[in-house]
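Trainee: Below are the structure tokens for one structure; questions will follow.
The values are calculated or read from the model by the stated rules, or taken from the named source; none is laboratory data. Quick caveat, the model's predicted, so the values are computed rather than measured. Here Cβ is always computed from backbone atoms with ideal geometry, including for glycine, and neighbour counts include all displayed protein chains. Surface accessibility is based on the protein's heavy atoms, side chains included, excluding ligands, DNA and RNA. Shrake-Rupley method; radii C 1.70, N 1.55, O 1.52, S 1.80 Å.
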Amino acid sequence: MSDNLDLVSKVLILDNAVEYFDTIKQFCDENGLIGLRIHSNNVLRTLNSYVDLGGIFMAEDYAETLEKTLELAALIRKTRPELPIILRRKTDSSSEIQADNLAKCFVDSYTIDDLSPLRKFIDDYIFSIVYPNALIRGITEISVQSLQSQFKAQTVTANAPYIVRDRIIFGEVFSLIPLESNWCRGYMMLQTEESILDSLVVSDVGLQYSQTPFRELNNLLGEVTNLIWGAFKNRFINDDVDRANRSVTQVPLVINHQNKYISFGSENPQLCFKYTLLDEATGLFCSIYQWFIFNLDFTPELFEEIQTTVDDLIDSGELELF
Amino acid sequence: MAKILIVDDSSTVRDQVGEFLTENGLDYISAIDGKDGLVKLQGDPGIKLILSDVNMPNMDGLTMVEKIRNELGNSTVNIIMLTTESNPSMKERGKAAGVKGWIVKPFRGESVLTAIKKLIE
């Protein structure tokens, strides 16, 4: 289990048993989970939208019949295999589900009287990677600072960081930049909605586009990415350590535009942050989602924070003459 | 009037810095990477100061500085790096190549004005 006390994850709760709501809610509250309940008619529509989930809790009597519940689970597995599903059964043998059917759709099962499999489920599939608190805190600080430097007219706030297994892309525009160090190898991705970012940017007094708007917005997102990447390197990556011995392994990234899907070739859950840019004058706001995908290597034991003081952060922008 | 060369692959940064220089009555031209920076410098003897990024495609900023000093033999143009990099070994490389100053992004106008005042005015 992660020791990141601030980390949360969203789980879809496909369970209509009113009598167990409080128990499941209490479990979620105690384990950093945000439970989302939806009507059975909306399951697939919800899964096709961006809900950045960590996993799914499903009851065997969620649909009208057990058979229909299994059909729905199979459909979810087919459309979103990256999302692990755990099944709540009334008792260990309350219904006759063949073992292979169970294994095909669900990673495990539990009963309301024994939540230990549920705890193991979130440890194994959601909070399976330990992210140092200094890393989480530092990413938030440098990202807010970088965003604020480019969106001076807006107020930038950070939501609580969370874990996702989802591979659905948010919005229409995203940036990717590799992260390479002796303790991590992977990517940082920033995602946002083009039209909303555009509305926010043009609301800035005096802004004139010198290129077509989408190119300007691409460049702006690129510069924010560059600023965060640079600050991340300065704070967390010691370039002098072990550069020569770093792995050169790579895996293909697969992006499906039609389905807004991206795969980094790893089954690991991903560390995510959400930032909000709010224009106080107009009330317009824009969300920027930031994913850290350490798909090639993550060795938190080697993690170290190089630059830790607030003074150091404030010093960015100062001239150092030689 | 002394002219400033902005070298950065980000058009956002080129626009931000250029707008700031114009607002302060300064003349500038831009280059999109180190290679383009070398071409622009050779084509304009009025350039007295270069504000350059480090991480750029085609040719990075420090390689450009080394070429300006060693291959072009230009030891007079003042060069300030405006970059996200703050790694001491990279600063040392810049210093050894003849960089006069270092500013860690995000861009802050007063630092650029200070550099201009100290180095070319």
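Trainee: Expected output is a single nm value to one decimal: the length gained when fully extending between A:E280 and A:T155, i.e. 0.36 nm times separation in residues minus the C-alpha distance. What is it?
Mentor: Details: separation 125, 0.36 × 125 = 45.00 nm, distance 0.72 nm.
Gain on extension, A:E280 to A:T155, equals 44.3 nm.
Trainee: Could you check the spin-label model distance between A:E64 and A:S195? Points 7 Å from the Cα along Cα→Cβ, value in nm.
Mentor: 3.7
Trainee: I'd like the FRET efficiency for B:E71 and B:E19, computed as 1/(1 + (r/R0)^6) with the beta carbon distance as r and R0 of 30 Å, rounded to 0.05. Please report the intermediate quantities before stating the final value.
Mentor: Numbers: r = 32 Å, r/R0 = 1.06.
Efficiency at R0 = 30 Å is approximately 0.40.
Trainee: How long is the gain from A:Q98 to A:I34 if the chain were fully straight, where each residue apart is worth 0.36 nm and the alpha carbon distance is subtracted? Could the numbers behind the result be given before it?
Mentor: Details: separation 64, 0.36 × 64 = 23.04 nm, distance 3.08 nm.
Net length gain for the segment: 20.0 nm.
Trainee: To continue, here is another question. Name the lysines eligible as straight-distance cross-link partners of A:K233: C-alpha to C-alpha under 20 Å, and not fewer than 8 places from it in the same chain.
Mentor: Of all the lysines, those that pass the test against A:K233 - Cα under 20 Å, at least 8 places apart if same chain - are B:K91, B:K105.
Trainee: With chain A treated as a Gaussian network of Cα nodes joined by springs under 10 Å, which of A:A17, A:A63, A:A99 yields the largest mean-square fluctuation?
Mentor: Among A:A17, A:A63, A:A99, the largest GNM mean-square fluctuation belongs to A:A99.
Trainee: Roughly how crowded by other chains is peptide A:216-223, in terms of the mean Cβ count from those chains within 10 Å of each of its Cβ atoms? Let's see the in-between values first.
Mentor: Numbers: counts 3, 1, 2, 7, 4, 1, 5, 12.
The mean count of partner-chain Cβ atoms within 10 Å per residue comes to 4.
Trainee: Determine the per residue accessible area of chain A with all protein chains present and a 1.4 angstrom probe, expressed in square angstrom. Present the calculation step by step, with values, prior to reporting the outcome.
Mentor: Values: 15080 Å² over 322 residues.
Per-residue value: 47 Å².
Trainee: If each DSSP helix of 4+ residues adds -39,500 (n - 2.57) and the sum is divided by the residues in the protein assembly as shown, what number results at 222 nm, nearest 500 deg cm²/dmol? Could the numbers behind the result be given before it?
Mentor: Values: 14 runs with 157 residues, N = 443.
The helix-only estimate for the protein assembly as shown comes to -11000 deg cm²/dmol at 222 nm.
Trainee: For a quick size check, give me the Cα extents of chain A along its three principal axes, largest first, whole Å.
Mentor: Result, largest extent first: 76, 46, 36 Å.
Trainee: Alpha carbons only, please: Rg and Dmax for region B:4-108, in angstrom.
Mentor: 12.4, 35
Trainee: Averaged across B:93-103, how many Cβ atoms of other chains sit within 10 Å of each residue's Cβ atom? Walk me through the numbers on the way to the answer.
Mentor: Numbers: counts 0, 1, 2, 1, 0, 1, 2, 3, 4, 5, 6.
So the per-residue partner count for this stretch is 2.
Trainee: Let me ask something else about it. Let me confirm one metric for peptide B:5-18, namely the mean number of other chain beta-carbon atoms within 10 Å of its residues' beta-carbons.
Mentor: Partner Cβ neighbours, averaged per residue: 4.
Trainee: Which order do A:R235, A:R215 take by accessible area at a 1.4 Å probe, largest first?
Mentor: My answer, sorted largest first, is A:R215, A:R235.
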